[in-house]
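The values are calculated or read from the model by the stated rules, or taken from the named source; none is laboratory data. All figures in this text were calculated on a predicted structure; none of them were measured in a lab. Reconstructed Cβ throughout: ideal geometry from the backbone, glycine too, with neighbour counts over all protein chains shown. Calculation scope for accessible area: heavy atoms of the full protein, side chains included, ligands and nucleic acids excluded. Shrake-Rupley method; radii C 1.70, N 1.55, O 1.52, S 1.80 Å.
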Amino acid sequence: MKVTVKVPATTANFGSGFDCFGMALPLFNIITIEETVLPGTGVEVNVVSDFQNNEDLAIEHIPKDENNIIYKAVEMLYNSIGQTPSELRITIKSSIPIAKGLGSSASIIVGGLLAANELLNKPADEAALLSIATEVEGHPDNVTPAIVGGFVITSLEEDGSIVYRNIDWPEDWVLNILIPDYELVTEISRSVLPAEVPMQHAVFNAGRTAMFVEALHSHDAELMKLALQDKLHQPYRSKLVPGVDEIFANLRHEEDVLGCTLSGAGPAILVISLKNKVERVKSIVTETWENYNVKTSFYSFKPELKGAEIIEVV
Ligand code: HSE
């Protein structure tokens, strides 16, 4: 049996919603898991990337065996029903840039889990898949939208369960994603964060996340500009993304630009704007990064409303 799953990219945090807000985006990884018939062949992971030329390094460092994160996810699902995966051929056809802040690892975890769940005749429901995916990833803000689609508020509860809610995204708020030509793995981007934060910074972010939800509900662009601000992670991470403070400053006073944040753990940047500002956003970011000898790739997205789906079973 061979199962193929399509999983969207994600952008997480939205500034103030560190580890809590996430959204699916219309870029996809295609993951196939095949039970191979030859005993003793073990687990084999193949990665084919659209970005083979300029991302050789990232591809090279992806483990092709049981050390791959996808295998860890699949193994946890098998173990949850008292089984162990044996002969599996896993193929990841990657169109989501790797180590850029677009949920590439979450998509792989989710794709592996969904495909394995189908191979095992669906022992896990959505809640179980969300819990396992979050346990492997460490936080729920990428895996939740990768599974359910759209914009989500998501929370990891003490018992390991995930609570989430979808909120509609305003039609005319465009998500501009700008990606620099270097990688930043999430482990490094998390390693610069402090274990504890000042109380006033926690209060600042609590206020901003509440504003964020209200801004979405009432379609309030002015409130959104405040709501994207953050003191919990971006101040510590900005040194890992040269030029980011300058980009934020250059965009701050642009009319119809609602705000900018790191996409997930970076190094990509998310800029929310109205449609008439897309080209302006692109040129401001591209030109600023050029001064740092950084090349920029650019996407302009609407949210992807569909989560991961099985596209073929043979
Ligand atoms: N919330 C996560 C972080 C997203 O900022 O580290 C990246 O995986």
Subject >> Normalised convex hull volume, the chain, alpha-carbon set, Å³ per residue >> reply: 128 Å³
Original post:
Hey, which lysines would be in cross-link range of residue 122, C-alpha to C-alpha under 25 Å, not counting anything within fewer than 8 residues on its own chain?
Top reply: 2, 6, 72, 93, 306
Original post:
Over the heavy atoms of residue 238, what accessible area does a 1.4 Å probe trace out, to the nearest 10 Å²?
Top reply: 20 Å²
**OP:** Report, in debye and to the nearest 20, how large the dipole of the chain comes out about its Cα centre when Lys and Arg carry +1 and Asp and Glu carry -1 on their Cβ.
**Re:** 400 debye
Subject >> Accessible area per residue, Å², the chain with all protein chains present, probe 1.4 Å >> reply: 44 Å²
**OP:** Could you state how much accessible area residue 1 has, in square angstrom rounded to the nearest 10, with a 1.4 Å probe and all protein chains kept in place?
**Re:** 90 Å²
Original post:
If you take the beta carbon distance between residue 218 and residue 127 as r and set R0 to 22 Å, what does 1/(1 + (r/R0)^6) give as a FRET efficiency, to the nearest 0.05?
Top reply: 0.10
Original post:
Ignoring ligands, DNA and RNA, what percent of the accessible area of the chain is carbon or sulfur (1.4 Å)?
Top reply: 51 percent
Subject >> Selection from 209, 258, 314, by position along the positive dipole direction of the range 204-314 (Cβ) >> reply: 209
Original post:
DSSP H helices in the chain with Cα extent of 15 Å or more along the helix axis and mean Kyte-Doolittle hydropathy at least 0.0?
Top reply: 69-80, 104-119, 126-137, 199-218
